[in-house]
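Colleague: Here it is, the structure in full.
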Amino acid sequence: MEKIQGMAAAMLDFAAEYAAKHEIDNNETITALAHTYVIYGFAVKLEGSSDEELKAAMIECVTASADHMMEMSADAEKA
């Protein structure tokens, strides 16, 4: 998990710098990162997986990640 968090932090640092330099708002930045995620997912799609299966897996991953971040936010607010 440490490697994943490190890669995420590096990508977010780049995205924040790029967004500030090019005056891109938060919604546009999130959309760009989402496009990157989907493009990468389709580029490395496992053989035998349909596009619908890939889409479902991506939605499940994003939902789990968003739920985790919401839990962390709630825990931080309690502290």
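Colleague: Which of the residues spanning the range 30-72 are surrounded by 10 or more Cβ atoms within 10 Å (Cβ to Cβ) and of a type in the set (S, T, N, Q)?
Modeller: Passing the criteria: Thr31, Thr36, Ser49, Thr63, Ser65.
Colleague: Another question about this same structure. Got a sec? Which helices (runs of 4 or more DSSP H) wholly within the chain have at least 2 residues that are hydroxyl-bearing (Ser, Thr, Tyr)?
Modeller: Passing ranges, in order: 26-43, 51-78.
Colleague: I'd like to verify a number: residues in the range 16-29 that are surrounded by 12 or more Cβ atoms within 10 Å (Cβ to Cβ) and closer than 17 Å to Ala66 by Cβ, how many?
Modeller: Adding up the residues that qualify gives 1.
Colleague: Pairs only if they're at least six apart or on different chains, beta carbon under 6 angstrom, first in the range 18-38 and at pLDDT 95 or above, second β-branched (Val, Ile, Thr); list them, first residue then second.
Modeller: These pairs meet every condition: Ala19/Thr29.
Colleague: Let me ask something additional. Does Ala79 count as of a type in the set (A, V, I, L, M), more than 22 Å from Ile4 (Cα to Cα) and exposed (fewer than 10 other Cβ atoms within 10 Å of the Cβ)?
Modeller: Spelling it out, Ala79 is indeed of a type in the set (A, V, I, L, M), more than 22 Å from Ile4 (Cα to Cα) and exposed (fewer than 10 other Cβ atoms within 10 Å of the Cβ).
The values are calculated or read from the model by the stated rules, or taken from the named source; none is laboratory data. If you're wondering where the values come from, they're calculated on a predicted model, not measured in any experiment. Note that each Cβ is placed from the backbone with ideal geometry, even for glycine, and that neighbours are counted across all protein chains shown.
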